[in-house]
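Scroll down for the structure; my scribbles are underneath it.
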Amino acid sequence: AMAEGEGLVSVDYEVSGTVQGVFFRKYTQREAQRLGLVGWVQNTSHGTVQGQIQGPSARVRELQEWLRKVGSPQSRISRAEFSNEKEIAALEHKEFQILK
């Protein structure tokens, strides 16, 4: 069996607050790449940022904490919600992309 925290997971997220027009997507991509995660991030029409993260669960947890508390320097995060968390056998994305 794999060590705890080594399995791959996929989780969707949506972050609310002042998260558009503050380079939130760029910083999220940079942090995800630093952690070796794949997935995507995009602005929504209702002023939030959403996306999906995939990678080793311990690293995914780190990005979830970052999305909850840190964000980009000018952002003001009011809420970060996570959904559809599941274990995956293999990564479904090749990189971490900013989608338009």
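The values are calculated or read from the model by the stated rules, or taken from the named source; none is laboratory data. Please read these numbers as outputs of a predicted model, since none were measured by experiment. Note that we place each Cβ from the backbone using ideal geometry, even for glycine, and neighbour counts take in every protein chain shown. To get the accessible areas, we keep the full protein, side chains included, count just its heavy atoms, and leave off ligands, DNA and RNA. Shrake-Rupley method; radii C 1.70, N 1.55, O 1.52, S 1.80 Å.
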>> Step by step: first the residues of segment 62-77, then only those that are in contact with a strand residue (DSSP E or B) (Cβ under 7 Å, 6 or more places away or on another chain) and of a type in the set (S, T, N, Q), then the one that is nearest to Val19 (Cα to Cα). Which residue is that?
In response: Ser75
>> If I ask for residues that are closer than 14 Å to Tyr13 by Cα, open to solvent by less than 60 Å² (accessible area, probe 1.4 Å) and more than 11 Å from the chain's Cα centre (by Cα), which ones from segment 48-97 would you list?
In response: Thr48, Ile77, Ser83
> Got a number for residues in segment 32-46 being part of a strand (DSSP E or B), buried (at least 17 other Cβ atoms within 10 Å of the Cβ) and in contact (Cβ under 8 Å) with a residue 40 or more places away in the chain?
Replying inline: 4
> Taking segment 57-96, which residues are of a type in the set (D, E, K, R) and outside any strand (DSSP E or B)?
Replying inline: Arg59, Arg61, Glu62, Glu65, Arg68, Lys69, Glu92, Lys94, Glu95
> What do you reckon, is Gln29 surrounded by 14 or more Cβ atoms within 10 Å (Cβ to Cβ), out of contact with any helix residue (DSSP H, G or I) (no Cβ under 8 Å at 6 or more places or on another chain), in contact (Cβ under 8 Å) with a residue 12 or more places away in the chain and not in a loop (DSSP other than H, G, I, E, B)?
Replying inline: yes
> Does Glu14 fit the bill of being part of a strand (DSSP E or B), farther than 19 Å from Glu95 by Cβ and of a type outside the set (Val, Ile, Thr)?
Replying inline: yes
>> Considering only segment 47-56, I want to know if a residue exists there that is hydroxyl-bearing (Ser, Thr, Tyr) and part of a loop (DSSP other than H, G, I, E, B).
In response: yes
